Structure formats: C-alpha cells, structure tokens
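The values are calculated or read from the model by the stated rules, or taken from the named source; none is laboratory data. Computed from a predicted model, the values in this text were never measured in an experiment. Cβ sites come from the backbone with ideal geometry, for glycine too, and all protein chains shown count toward neighbours. Just so you know, the surface numbers come from the protein's heavy atoms only, side chains and all, with ligands and any DNA or RNA stripped out. Shrake-Rupley method; radii C 1.70, N 1.55, O 1.52, S 1.80 Å.
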Amino acid sequence: MPQFRWVDRLHIKFSLPLLILLPLLSSCTRERRLEYGLSLADTLRINIITEPPTLDWNRSTDTTSSLIQDNIMEGLIQYDLQDPDFKLLPALATEWSSNSDFTKWTFTLREGVKWNDGVEFKAQQVVDGWERLLNPKTASEYAYFLYSIKNARAYNEGSIKDFSEVGVRVDAEGRLVVELDQPKSYFPMLLTHSSTFPIRKDVIEKHGDRWTDPENIVTLGAYDLKIWDHDRAIVLERNENYYGDKAKIKNILAYMVNETSTALNLFDSGRLDSLHQLPSRELGHLKRRKEYRETGIMATYYFGFNTERPPMDDVRVRRAIVHGVDRKQVTDMLQGGQIPISNWIPPGMLGYEADVGLNFDVAEANRLLDEAGFKDRSTFPTLTLSFNTMEDHRRVAENIQAQLRRNLGISVELLNEEWKVYLRSLSTNPSHIYRLGWLADYPDPDNFMGIMTSFSDQNYTRWKNSRFDELIQQAVAEGDPAKRRVLYREAQRILTEEGAAVLPLYAQVNHLLVADRVQNYPVNRLARFIFRDVELK
Amino acid sequence: MKLVSRLKENWKFLMGWGLLLGSLSLVVMSFFALPIPRALWWLTGSLAAVGFAHYTFSQNLVVYVIKRILEAVFVIFVIASMTFLLLRVIPGGPFDTEKALPPEVIANIAAKYNLDAPLHRQYSDYMLGLLRGDLGESYKFLGRNVAQIVGEALPVSLQLGVYSLILAFMIGIPAGLFAASRHNSFADNATMILAISGVALPSFLIAPILIIVFAFWLNWFEVALWLGPEYYILPVVVLGTSPAAIIARLTRSSVLEVIRSDYIRTAKAKGLSHQVVLYKHVLKNSLIPVLTFSGPLVAGVLSGSFVVEQIFAIPGLGRHMVQSVTNRDYPLILGTTLVFSVMLVLANLVVDILYAYFDPRIKLS
Amino acid sequence: MSGMRSQEISAAMLVADGNKQQLGQGKSSQSLWAEGWRRYKKNRMAVISTYFVIFVSLVAIFAPWIAPYSFDEQHMDRILQSPSWTHWLGTDALGRDMLSRLIYGARMSMAVGVITALISLFIGTIYGCISGWMGGRVDSVMMRVVDILYSIPTLVLLILVKVIFDSVNLFTNPELRALTGILLALSVVGWVTLARVVRGQVMQVKEMAYVEAARALGSHSFAIVWRHVFPNILGPIIVLLTFQIPLNILFESFLSFIGLGLQPPFSSWGVMADDGWRSLRSFPHLMIAPGVAIFLTMLAFNLLGDGLRDAFDPQMRGR
C-alpha cells in the first residue's frame, strides 16, 4: 500500500526529536547537588530501607525506627561500641549502683542537660517514659523490657491501675531509684534500649500521635530530626547544644530504598555512602571489594521443632534431625561468613559454648531414627518445614530439605508463608519444623535463654523443662560471670542435647559496604548504628 | 467590539486549544520539576470543567452523566464492602507479632482501632467514615492517616502513570500506523514482532537491563529515586513499554480495518486527495478503538506501577498497596484500593464520553 | 506486570474485531474452518510459532526424561557457576543445574498457563453464555458484577486471593499443591475478560437466522446454546485461549516478584526470573535463561494467536 508512505514522515517527526532530546536532557540537568539543600561535603547518605513506622520510642519495635532514635535520643546508659564486651558507659546517668542481690538500683542523673527546646532534663522524665511504656493504653510491644521492676508486669497487664505502686521513683536528691521483684544483674543494660529513653510528657500531651513530627518532636541526642519526608527520606542535623562531644558530620540523609539490589545500584553510582544490607547472593563478589565490611552480630538463625506434633514428640527423632544437618554446608552456601553453631548463645556473648549441642553425625542420626521405630524410612511421615517469605530463608530451607533427604532418607515438604500468616500459624499450630531468628536486644545471654523458658511468649516449640527454667532464673540472679557461665552451659545442654527442642544453625553476620570517604563507620556486633563519631574525608 | 464577536464565534476553538496547551504545560513543567503556578492549575482545571459542562449540556448528556456518576458511586461502595470482607478473611491480623502480647494490651489495641466491635458495626463505622471522607488511621504508621499517606503517594504515581501513557501513545500510534501502511511487508512484520516483544517480557526483567545500559554504561540517567527528569525517564520507559506495544497492535489492526471499509473507498472514489482521506478519515476513525482502550490502559499502568516503583525506589502508591497487605494495615489497604478504583472508574467515564465526542455514530444514553 | 488487565483486554479486542465479520458469512462453518486452516498454514511466522509451542509443551511433558539433573539436586561445590560443559546454563545459588530447572520450569509455567486459562475459560464461557443468552435484566445484573470486578485493582485482588487460597490444601500431590494458590488466584482474576467477550459473541450469534429458527421450533434453550451458539463462538474462544496462556505465564512471574510465587523447591520460569533479575550485574546467566524462555514462549503464543485470528477472519483474505 504505497500511498500510505506519509506515515513514515509522521513517524520521524515524532521519534527523532525524542531521540535527540533524551541524552541532551540528561546531560544538562546532571548536577552533584543533594536534595533538601544539603551539601555533599558534610552529609552522610545512608539507606534505612523502610519508612520508620513511628519514631515514638515507647512504641516502635523495628530496627529502622531504633536507628533514627539512637541518633536523636539518648538513654541513661550507653555501650562502649568499640569494646568487644560492650562495657557500659555513662550517658544521661553518671553513676549507678545496686544492692547485693541486684533488686534495688540507684541511678544518679547528669545535670545541666537540656532538651533541644531548652527545657532541662529531669529524673521525672525517665519515670514518665517508663510509665508510658508500661501503660496498657500505650500497647507497647517492648513493655516486657521493664517487667523485672516491682509490679511492672501487673501494671502492664492491667491488674494494678495505680502507677505509684510500681517500683520506680525519684528520691529527694533527684536520683532514680528502681526496685525489682526479681534480681537482675544486668538491669542497667536494659536502659541502653530506646524503649526506656526518657520522654517529654508535656510534648506528647500537646501533640498526641503527631508529637514525632519534625516540628513537634523534642529530643536531646547528638542529632535533631530536621526533615521527615515520608516514604522518601529523613534528614538529621547536628545538635549544636548536645551535652557531649558534638557529632562530626553536620547532616545525615537517610533514604528509604527497600529493594537491596536497587540500593546496591545507588551505592555503585555514588548516591549512597553506606549499605547495611547486601544482596546475599552476591556476597561472594562483594567480599572482594575494598568497601566491604563484615561483622558477626549477636543473632542466631535456628529451626524450632513443634514438640507436640508427631513424630517430633519423640526426642530421638528430633535428635536425629539435628544430627542429620551439616551446618557447614548451609553457611558455605550462604557465602557470608556465618558461623555454624550447635549451642544456643551466639559467639561474642557470655555463655557461648562451641562444644555444647549435637553435631553433624549421619550414622548416629540414622541409628536414632531406626531406634525410634522408623527402620523402614517409608513409614516415616512427611515433615513440613515452614518459613516466612524471603529469598535467604528459602535457600536455607531448600538446602535443609535436600540434606535431610540425602542424609536420613526422609522427605520434607516446604511451606512458604507470608510473614503475618506465618505468625498466625506459629502461635496456633506450628509446623513440624519452623524457622526463626533472634537478634539480641541487649548483649546478655538471658535475652537468648529467656526465649525457650516454659513461660516465654516466644517459645513456639511447646517444649517445657522445669530444670531449664530453674537454671535460667538462677543465672539471672547471679552476679559472677564465671558462675553464670556454668549455669548457662548446663541449661544449653538441656535445651540442645537432652531435649533437642531446636536446631541452632548459625550465628548471623552483618555485611556492609562503606564508601571510601567515610571513616569510623559504626560496625559492631550489636548492629547499632550511632553516627556521632563518623567522619567524612 | 469586533474582537468580542470574533471571540464569541471561536470560543470553543480557543477553549480547546487553551485546555490542550494548559495540560501540556502542566505535564512539561512537572516533568522538569519546575514550580507550577497555582493559577495554571486553576486555569486548566476550570477550562476542563467548563468544556465538560458545555459538552454535557449541549449534547443532552446531563442525565447520562449523572446516571454514570451514581453508578460509579455504587461500584465504589460494592468494592469497599468486598475488600472490607476479604480483609477479614485473609489469615493473619494487623497486630500479630513474633512475641505474644499480654491480653490486656491486645484488648487495648483492639479498642483503640475499633476491632473489638462486632463485624457489622466495624463495617458500618468504616462506611460512615467514608461518607465523611475519613479513610481512617494507618495501623502501621502511627499518627499518619490514610488520606495523608495516599495524598503524598498519589501525585507521584500519577506523574509516573501519565508520562508512561503519553510515551505509550507517542510511540504506539506512529508505530501502528507505520506497520499498517506497509501491511504484510517485512517492516510490518518486524514492527509487530517488536510490539509483541514489548509485552513478552516481565517489566522486572526489562528494568535491570535498561539500568545497566543507560545508567551504568552510558551514564545518561540515574539508577533509581524520583527527583527530576533524569530520574523519570527509565521508569517511565519501563512502564510505558507494554502499553506502547499494545497501542501499536491496536492501531495497526484498526487502521487496516478502516482502510478496508466502504466509506474510505467511497471517499477515494470521489477523488479526494490522499492527504485528506488519510488525515480526515483514516486517522480519526482508526483512533477511536484505541481511545476506548485507554480506560483499561490506565488500569494496567496503575497496577504495573508497583514493579517499577519497587525497582526504582519511587515513593508511589503501588508500593503502599502491596506493603499494606503484608502489614495487614486494613485502613491503608482499603484506602489505596478505593483510590485506585475511583481512578479507574473515572478514567472509564471520561473515555466513554470522549468516545461519543469523537464518534458521532455512538449515542450515549 | 505493567498492563496486566490491559493486555487481556487488548487481546479480547483484537479477537472481537477479527471475528465480527466471520459470523455474518452465510457459509457453513465446516468450509470456513477448512479455509481458515489453509490460510493459517501459509503464515510462516504462525507455523514456526506453532512448532515452538509444541516443542515447549513436549519439553514440559517429558521434563523428567530430558533434564540432565533433577530440579532440586544441589551441588554445594558448584554454586553460581557460569555456563560450562557440565552445566550448559550454569548453576544457581544452591548449585542446581539451571538447564534442568528451566526444563522443569517449563512444566510448571505451562501448567499455570494452560490450567488457569482453561479454568477461567470454563467459568467465563458459562457466565458469558448465560448472560448473553438470557439478555435483559439478568444480563445487566451479571454484567454489572463484571464491571465491578473490573474496577478493583488487579494487584490487590490477586494478592488477597492468593493469600487466602494458599491456605487451601486440595491436593496431596506436592506439585499440584504448590500450584493451587496460583491457579485459583489467577483464575479468579482471569475469567472476567473472557466472560465479557463470550457474552458479546453470544449476543451476536443469538440474532442469526438459524438460531432464531431453532428457537421458533421450540428447541430447549440449553440445546440451542450447545448445538448452535457454542460451535459458532468456538473460534474466538480458541484464539482468546492462545492469548490467555502466555498472559498467565507472565502473571505467574509477577506473583513471584511480589513474593507470592510457587512453593519451593519447585521451579517455574517466574520463580527463576525473579531469582535472577536482582543479580544481573554479577550473574547474568541467572536471568538470561528464564528471560529468553519467557520471551520466546510469549512471542510464539502471541504470533500463534495472531495467525489463528487472521486465518479465521475472512476480512483478511488475500491481503
């Protein structure tokens, strides 16, 4: 149809200018100026992955929120993040002491500290914060942090209505006095966590839920919350009136990019100064880069067994499964330097015992299975192994499935559930084997061991052992690290060998990329990112 | 006086151009992230409103339009109800956490979000809220209400969607015409295979390729984020590919059909020049089916935006739509769903009316 | 996918356009089929595509016999290897052979494509036939339901339905069980367009002289629809089917993208593509293999559909 050749011209008319325009356009608008009027030279650009659900430190539960909170606020006590044992350093409290059985603690508070609206910091603001954290109306998930305080649990559960009955008060000298109803040798450690930070009741009452907006929020940390551009970025600015050493970098620009590969692209094109999460599959490549940093963190990755669902109710079967998994193979596959562990407490924490727990032993595993009455493996029921939707979990699960089939000749079916569905099934009827992980809230072994007690809210194994519970309670009341270690060793032996209620897989590792121009980037086992001391070249 | 009378004669013409120029400058200015004067919004908006009103009245479409709007309200109502119910059926609740909370705390949360009320009560409360224009508070993002979240994300998604559609039409229609003009030639086949290719790859496979080529190798555009023209182009191209391909195929088939039709033959037989036949008859008539298709196209672009928003870290509505389901953030799921539905319904309404405008044979009633 | 629903509808529009005139012909349907078939065979692209589709189907059916390895056989010493002689397409992050996963993936992807298309076709045809044949009030109510389903964002519907159906366990066969959620979710979304097209076709056929005649003779409605209406709309339905299958394959990959794909360890092209796109810069082989597979299959199905439509559309004759 030659008479329609005119469209060719039309086509060219449309497309030519477009083709010329595109590159031109990109070259003329390209500048190295940052958003929000920030300058590159004194701005640290990080990725916090998601929008923080809230910056209200009494109510937030996620790592993104606490990253921001750790930089804009401060607690009574802080860790020395450089120290391998995380020695406690004074922050808003200058001194603290307890009675001999760790049931009464006294904190002397720093004087002359001012919030960024000029109001002075007082002990009552700490009490206000704790009252709000424990108040059932606040509905905070972290209320249990203070449960060791006298009557705190009862107040949180609503059986006591009057907060004055809870064991915390300000004495005549303005010191904070705390009474516990169970001894806790590590109580000060809890006060490094953002949920226990002081609050400004007047500000919260005035602005309600919106008190965390940049124009309302009042803080006293090294940085101020300057801009919160929802779903896009958060900008922090140095607090010039900070009581301690002022932050080295003027601004922090935190983007919210939740796709790791996209974040890596941004880093590689010079748009980000650091990455806290790397695409796990590419670790093998990324490891060779000079920007790469790696640190073991106090977090474990484990599989729990539903000890009430046959055949998992037979301890021999559970032991056989633990014996049948080569953890080394899993960590080799992940290529991220994870450390295989057979005990419950991760390395770097008191109570880590490399020789406790059942190790990889195919012969023993098969013997146990035979003994449990499954000589004929075809009579062994198909187990379900569930995990929540995520690429890494899927890979680990697929590997475990293959290992169990190869080593024990049993078949495992994988069940991949979306997080909320997963939580629901965990609390109602967990699969034979389920995946979970635990990241330390504070570097004390009790934080790990407490999970598996019979009265824990997170023990989905339904495994109960009174001796274990007893040991845990004894250990909390013990001040001598050497004695505690002995107690935890025995408890872990009960949990991982005798009862075999869990299959600890490995201690997790944080992988980071930090740009060359950044110095002193916080890389620590607690995965806490405090940017006060970071410098830019 | 003369000017006034001339204006009077040509006001429709002027208004049409005004509207066109207005919306065009809006698009261009927003693309280059220039500050848009409020007056321009008002001017374009009122031109559109006046034009629409005039058209409605002059064509006796008032009843039709009102009927359609009522229908739309009904559809939105049903969708809100359906989604509301579906949300209660899906396993997992908004406040399920890894650590079991004390019953008192759970009761308090339930009371705060009205989740302790009987279902019908929750439903009627939500619906009454909707009538007042209240979409509720997000469960996940404390202190932010859904209207605010949607209000911040929608403009971004709209920008992305509108640019992609414009790109799709700019590429699709000429490509379709080109293919049709050389029907059954090599060029035709090649164009059509290219067009099919446009829909043959998931956009999450196209995007990384484009990023590597245009952002890393050529260094023309940015790899992600949504801050200016150099950020817009890649996501817009990715999102626009499949609509462009669809439009190209539709244009081709409808041009072929029009060319074959009797009235074009008659026009040619009457000795009208090619140019006249082409521009006046073929082009206009063959674009009508393409136009009707823009309704579903809007829907497609909207639902596709999630992938693009995810890969390019664009703070749009698609991301909220998926993540709110993951969080079981009921009010936010409902809010985003309703906003999307309203846009779909509106797009269909506008398309139907435009359809009648361009094709006088269609009678709306 | 960008344009999920819009692609469905465009396919529907292309089909509907093509078949408008066919129905007007007075010829018997038999000669029409024969003639169409003859024309189809002349379309080189379509014929090549047909062979390709047959090839993929055979690969899918005989996957266990063709694949050099099993889809879940892990080689921990050979993680993320580039293509080599032992692994033609390389290995993935668990040391599984990509070629084998691709071959088994054909099986799952085709199953999703075909089964979903058939389910939605079944629902859509029945719904459309009832709506179109009854007409009047029934029709307008039924079409209103379709309108409403159209106005719900596909994405939300797909996710919600998938999450709900994932907890349904209908089968004991692990492969089928892994598929159920996807099949049901995609069918719920997919039948709507089909219902609309079928209804349109039925409305047209209903007015035909012979149908009128049958009706006048007092035949039972069901019999008329089955004997006279259905054979007449079979053409467009088949064409639509060929457009629906690749779309479902695409949707499946989209579900994988949002993390709601097939249960592991089974592989489908969507699962593999989702696995691959994130690391295109480091391990291109992870994305290229499934990408090419999806691309060629989509292309083939579309060309096949185009060919069928052109062949059975008399208007296209001689052009």
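At a glance:
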| read-out | value |
| --- | --- |
| Cα-centre dipole for chain B with unit charges at Cβ (Lys and Arg positive, Asp and Glu negative), debye to 20 | 1540 |
| Whole-number D in µm²/s for segment B:61-365 (Stokes-Einstein; Kirkwood sum over Cα pairs; 10 °C, 1.306 mPa s) | 71 |
| Within the accessible area of segment C:81-182 (1.4 Å probe), percent carbon and sulfur | 71 |
| Residues in segment B:236-277 occluded by at least 30 Å² - accessible area, probe radius 1.4 Å, against chain by itself | B:S242, B:I246, B:R249, B:L250, B:S253, B:E257, B:I259, B:R260, B:H274 |
| Segments A:502-508, C:124-130, A:360-366 sorted - mean Cβ within 10 Å per residue, highest first | A:502-508, C:124-130, A:360-366 |
| The protein assembly as shown: C-alpha gyration tensor shape, a/c 1.5 cut-off, then a/b vs b/c | prolate |
| Sparsely packed GluC sites (Glu not before Pro) within segment A:209-299, loop by DSSP, other Cβ within 10 Å at most 11 | A:E215, A:E240 |
| Amide H partners (placed H, <5 Å) of A:I297, local residues excluded | A:Q508, A:V509, A:N510 |
| Loop-located trypsin sites (Lys or Arg not before Pro) in segment B:9-95 whose Cβ has at most 12 other Cβ within 10 Å (DSSP) | none |
| 1.4 Å probe, heavy atoms, protein only - residues of segment B:149-174 losing at least 20 Å² accessible area vs chain alone | B:E152, B:M170, B:P174 |
| Global geometry of segment A:477-537, whether rounded, prolate or oblate, following the gyration tensor of its Cα atoms and the 1.5 cut on a/c | oblate |
| List of segment B:95-129 residues, accessible area with partners at least 10 Å² below that of the chain alone (1.4 Å probe) | B:D96, B:T97, B:E98, B:K99, B:A100, B:L101, B:P102, B:E104, B:V105, B:N108, B:I109, B:K112 |
| Accessible surface of A:E498 - all protein chains present, 1.4 Å probe, nearest 10 Å² | 90 |
| Loop chymotrypsin sites (Phe, Trp or Tyr not before Pro), segment A:420-488 (other Cβ atoms within 10 Å of the site Cβ: 15 or fewer; DSSP) | A:F455 |
| Fluctuation leader among B:A49, B:A111, B:A187 - chain B, Gaussian network, Cα springs under 10 angstrom | B:A111 |
| Probe 1.4 Å - accessible area at B:D116, Å² to nearest ten | 100 |
| The protein assembly as shown, dipole about Cα centre (Lys/Arg Cβ +1, Asp/Glu Cβ -1), debye to the nearest 20 | 5800 |
| Long-range amide H partners of C:Q74 with built H, under 5 Å | none |
| Within straight-line cross-link reach of B:K268, lysines at Cα separation under 23 Å, skipping those fewer than 8 residues along the same chain | B:K280, B:K284 |
| Share of Cα-Cα pairs in segment B:1-58 lying beyond 16 Å, as whole percent | 51 |
| Kyte-Doolittle mean at least 0.5, axial Cα span of 18 Å or more - DSSP H helices of chain C | C:44-61, C:98-134, C:136-151, C:174-206, C:230-257, C:284-311 |
| Pairwise Cα inverse-distance average, inverted: Kirkwood Rh of chain C (Å) | 21.1 |
| Cα centroid separation - segment A:43-80 against segment C:45-104, whole Å | 46 |
| DSSP H segments from chain A that extend 20 Å or more along their own axis, Cα-based, with Kyte-Doolittle mean of 1.0 or above | A:6-29 |
| Dipole moment magnitude, nearest 20 debye, chain A about Cα centre, only Lys, Arg, Asp, Glu C-beta charged | 1560 |
| Within the accessible area of chain B (1.4 Å probe), percent carbon and sulfur | 71 |
| Total accessible surface hidden between B and C, rounded to 100 Å², 1.4 Å probe | 5000 |
| Portion, in percent, of the accessible area of chain A that falls on carbon or sulfur, probe 1.4 Å | 48 |
| Accessible area in the full protein assembly, largest first, 1.4 Å probe, for A:S185, B:S324 | A:S185, B:S324 |
| Of B:R252, B:R121, B:R328, the one that fluctuates the most in a GNM where chain B has Cα springs shorter than 10 Å | B:R121 |
| Listed residues A:P279, A:A299, A:V486: farthest to the positive end of the dipole of chain A (Cβ charges) | A:P279 |
| Chain pair A, B: total accessible area buried, heavy atoms, 1.4 Å probe, Å² | 6200 |
| Residue-level accessible surface for B:K140, protein heavy atoms, 1.4 Å, Å² | 80 |
| Overall Cα dimensions of chain A - principal axes, largest extent first, Å | 84, 82, 41 |
| Interface C:A - total buried accessible surface [probe 1.4 Å, Å², rounded to 100] | 2400 |
| Debye intensity ratio I(q)/I(0), log10, segment A:287-415, q values 0.17, 0.20 Å⁻¹ (C-alpha model) | -0.97, -1.27 |
| Surface per residue (accessible, 1.4 Å probe) for the protein assembly as shown, Å² | 40 |
| Largest-first ordering by accessible area, 1.4 Å probe, given options A:W344, B:W217 | B:W217, A:W344 |
| Cross-link table A:K87/A:K226; A:K137/B:K140; A:K104/B:K99; A:K137/A:K420; A:K226/B:K99, entries beyond 26 Å C-alpha to C-alpha | A:K87/A:K226; A:K104/B:K99; A:K226/B:K99 |
